[in-house]
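Participant: Let me give you the structure first, and then I'll get to my questions.
Values quoted throughout were computed directly from the atomic coordinates according to the rules given, and no laboratory measurement underlies them. Computed from a prediction, not measured in an experiment: that's the story for all the values here. Every residue, glycine among them, receives a Cβ derived from its backbone with ideal geometry; neighbour counts consider all protein chains shown.
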Amino acid sequence: MLLKATALVSIIGLSDLVKAVQNAGKSSGEPFHFLLLAGLVYLLITTLTNLVLRQLERRYNTGIKELAP
Amino acid sequence: MIELLNDYGLAFLWHDGYNLSGLAMTLWLLVASIVLGFILSLPLAIARVSRNRLLRWPVQFYTYLFRGTPLYIQLLICYTGLYSLEVVRAQPLLDGFFREAINCTLLAFALNTGAYTVEIFAGAIRNIPHGEIEAARAYGLCGWRLYARLILPSALRRGLPYYGNEVILMLHATSLAFTATVPDILKVARDANAATFMTFEAFGIAALLYMLLSFLLVGLFRLAERRWMTFLGPTRG
């Protein structure tokens, strides 16, 4: 959740990924492709975080019985 | 403070002289996106728990995509991204739709909250005790009747606390609409701030309005939970 909230800092003027992408979009005239790229970068980070968390959950929940899905 | 209220009070609440603004606009954004997301999420949640991979995987991909990226990026793609494409502007229908900021905002919000709602309802459907479904089968319910009479009502009740949470998060998320020039509460506060330099007062009023709405939603969902979830609690003698 926090990762996705960080996307907001560009509104108050910090130069994060979103700001860079918006500038690139403005100067090149094709914001769509750059925005898709930014989306992919965020997707990559969330996927990695999810994988790590799932590993941690598996590691520290080994003693707890899980219901069959 | 008094002159700020005199000048911007009406704009904060519901009208800025040209169209809806402030509280009314925020409420409209919230209600429209929640209703659209809800309608979208019911069939998708059933598909999400389906045994058929062809049904399950597209929905899983959709929720993964929309839960994995920030709402701000989704809004930017809908608002600036899509309209910059030649293909979109060439189609009169798409051109008319994406030219209006409010349409782009509602599309992004509805798809975003829809993705979260699908996961909430799919989780609730998975958590229905097997005994309930066996009992319904024993009474001869099957197919869509089983879903309409038992699975959906039960899942909606079980999902209610999580759904209420999602609605309140969505209320907070509507404050992003100002980046797409939609005149919601935060846009009015920013305009008032830019015109009067009474920063604390302008944003303070906005914060109070959002807090009021949150309290209202929390109260409404508490009433709804008391009404529809009593059967899950301990019986009172």
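Participant: Quick check on the protein assembly as shown: helices-only [θ] at 222 nm, where DSSP H runs of length 4 and up contribute -39,500 (n - 2.57) each and the sum goes over total residues. Nearest 500, please.
Facilitator: Values: 14 runs with 219 residues, N = 306.
That comes out to -23500 deg cm²/dmol.
Participant: I need the phi-derived Karplus couplings for the stretch B:130-143: 6.51 cos²θ - 1.76 cosθ + 1.60, θ = phi - 60°, integer Hz, Gly and Pro marked x.
Facilitator: Result, rounded to whole Hz: 4, x, 4, 6, 4, 4, 5, 4, 5, 7, x, 7, 7, x.
Participant: Between A:Leu8, B:Gly123, B:Thr69, whose Cα lies farthest towards the positive end of the dipole of the protein assembly as shown when Lys and Arg beta carbons carry +1 and Asp and Glu beta carbons carry -1, centred on the Cα centre?
Facilitator: Ranked along the dipole, the leading option is B:Gly123.
Participant: Which translational diffusion coefficient, to the nearest whole µm²/s, is obtained for the protein assembly as shown from the Stokes-Einstein equation, given a Kirkwood hydrodynamic radius over C-alpha pairs, 10 °C and 1.306 mPa s?
Facilitator: Details: Rh = 21.9 Å.
Value of D from the Cα-based Kirkwood radius: 73 µm²/s.
Participant: May I pose another question? Partner chain Cβ atoms within 10 Å, averaged over the residues of B:71-80 - can you pull that number for me?
Facilitator: Working: counts 4, 11, 13, 4, 2, 12, 6, 1, 2, 6.
Across B:71-80, the average partner-chain Cβ count within 10 Å equals 6.
Participant: Residue by residue, what Karplus-based ³J(HN,Hα) values in Hz, rounded to whole numbers, does the stretch B:75-80 have, using 6.51, -1.76 and 1.60 with θ = phi - 60° and x for Gly and Pro?
Facilitator: 5, 5, 4, 5, 8, 9
Participant: Express the C-alpha Rg of chain B as a ratio against the empirical globular expectation 2.2 N^0.38 Å, rounded to two decimals. Write down the numbers at each step before the final one.
Facilitator: On the way: Rg = 21.2 Å, N = 237, 2.2 N^0.38 = 17.6 Å.
Taking the Cα Rg and dividing by 2.2 N^0.38 Å, one obtains 1.21.
Participant: Something else about it: Could you work out, residue by residue across A:29-41, how many beta carbons of other chains sit within 10 Å of that residue's beta carbon, and then give the average as an integer? Working shown, then result.
Facilitator: Values: counts 1, 4, 9, 9, 3, 2, 12, 4, 0, 7, 9, 3, 2.
Per residue, the average neighbour count from other chains is 5.
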